[in-house]
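Enquirer: If you scroll down you'll find the structure; I have some questions about it.
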Amino acid sequence: MLEIFTPRLRLIAFTAESAAAAIADRARFAQLLSAAIPGDWPPVDLADVQGAIAAKLTADPTQTGWCGWYVIAKPGIVGPEPTLIGSAGCGSWGASPTLLFGYGLLPAFFGQGFASEAARAVIEWAFRQPGVTRVEATTFERHIASVKILERCGFIAQGVSPDDAAAPESDRQGRGRLIHFVCELPSSAV
């Protein structure tokens, strides 16, 4: 099991087994994560891709860590037992070599610094991997919380994303244009 520990969180890399259990067997999923699973898990955007993640990791287990991480609050942080609060990831899909970062928390855990803590941990993990010197992300310009999280993690806005025109209005939700961000490994660390 691939794990990352921070002061308040334990991140567990998605595996084929955990991604499959997240879809089909909630009790097994809780057992694999050794964590309580809130009733509103999974978020819709993650539910839509768990099958693809399970298939990708079944075909190539070396992608563990690159398909995503479950974000679990340690005991005593949000409740008496470890609790699944979100997910984060940094990887590429398809033929693109670009590493894209993303995250999501259940609404009950917004505004408590968990997203920044998990994001920093995943980005630091990615930069420790051979050959990784750049990570990219997108968020909407008026999604201020996400912009601040990316900036805290060292991302710099690069302007409107080429994907802005394709962003569905249901994702946009009045948040403005889709902005492209880049985080690069400092040259002193290369």
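Enquirer: To the nearest 20 debye, what charge dipole does the chain have about its Cα centre, counting +1 at the Cβ of each Lys and Arg and -1 at the Cβ of each Asp and Glu? Could the numbers behind the result be given before it?
Expert: Details: 15 positive and 18 negative charges, 80 e Å.
My answer is approximately 380 debye.
Enquirer: Positive end of the dipole of segment 1-106, charges at C-beta (+1 Lys, Arg; -1 Asp, Glu), about the Cα centre: which of Ala16, Gly79, Leu105 has its Cα farthest in that direction?
Expert: Gly79
Enquirer: In the Gaussian network model of the chain, springs joining C-alpha atoms below 10 Å, which of Thr62, Thr98, Thr138 carries the largest mean-square fluctuation?
Expert: Result for the chain, Cα springs under 10 Å: Thr62 fluctuates most.
Enquirer: Say we join alpha carbon atoms closer than 10 Å with springs in a Gaussian network model of the chain; which of Ser87, Ser161, Ser170 then has the biggest fluctuation?
Expert: Looking only at Ser87, Ser161, Ser170, the largest GNM fluctuation is found for Ser170.
Enquirer: Run lengths n ≥ 4 of DSSP H only: what is the helix-derived mean residue ellipticity at 222 nm for the chain, with -39500 (n - 2.57) per run over all residues, to the nearest 500?
Expert: Working: 7 runs with 58 residues, N = 190.
That comes out to -8500 deg cm²/dmol.
Enquirer: As a footprinting exposure proxy, order Ile53, Ile12 by other Cβ within 10 Å, with the fewest listed first. Don't skip to the answer; put the middle values down first.
Expert: Details: Ile53 24, Ile12 21.
Ascending Cβ contact count within 10 Å gives the list Ile12, Ile53.
Enquirer: Using the Karplus equation 6.51 cos²θ - 1.76 cosθ + 1.60 (θ = phi - 60°), what ³J(HN,Hα) coupling, rounded to whole Hz, does each residue of segment 2-12 give in order, writing x for Gly and Pro?
Expert: 8, 9, 10, 10, 10, x, 10, 10, 10, 9, 10
Enquirer: Under a point-charge model restricted to the Cβ atoms of Lys and Arg (+1) and Asp and Glu (-1), what is the dipole moment magnitude of segment 1-75 relative to its Cα centre, in debye to the nearest 20?
Expert: Numbers: 6 positive and 7 negative charges, 57 e Å.
Taking the Cα centre of segment 1-75 as origin, the dipole is about 280 debye.
Enquirer: With labels modelled as points extended 7 Å from the Cα through the Cβ direction, what inter-label distance (nm, one decimal) is found for Ala52 paired with Glu151?
Expert: For Ala52 paired with Glu151, the spin-label model returns 3.1 nm.
Enquirer: Could you work out the pair-distance distribution P(r) of segment 1-106 from its alpha-carbon pairs, with 10 angstrom bin width and percents rounded to whole numbers?
Expert: Answer for segment 1-106: a P(r) of 15, 52, 28, 5, 0 percent.
Enquirer: Taking segment 3-81, which chymotrypsin sites (Phe, Trp or Tyr not before Pro) meet the DSSP loop condition and have no more than 12 other C-beta atoms within 10 Å? It would help to have the intermediate numbers written out before the result.
Expert: Numbers: sites: Phe5, Phe14, Phe29, Trp66, Trp69, Tyr70; in loops: Phe14, Trp66.
Passing sites in segment 3-81 do not exist.
Enquirer: What does the net charge come to around Arg152 if you take all other residues with beta carbon closer than 15 Å to its beta carbon, with K and R at +1 and D and E at -1?
Expert: Details: positive: Arg120, Lys148; negative: Glu117, Glu124, Glu151.
Overall, the nearby charge balance is -1.
Enquirer: Between segment 127-185 and segment 38-67, what's the alpha-carbon centroid distance in Å?
Expert: 21 Å
Values in this text are rule-based calculations from the coordinates and carry no lab data. Only a predicted model underlies this, so the values are computations on that prediction, with no experimental measurement involved. Cβ atoms come from the backbone with ideal geometry, glycine included; neighbour counts cover every protein chain shown.
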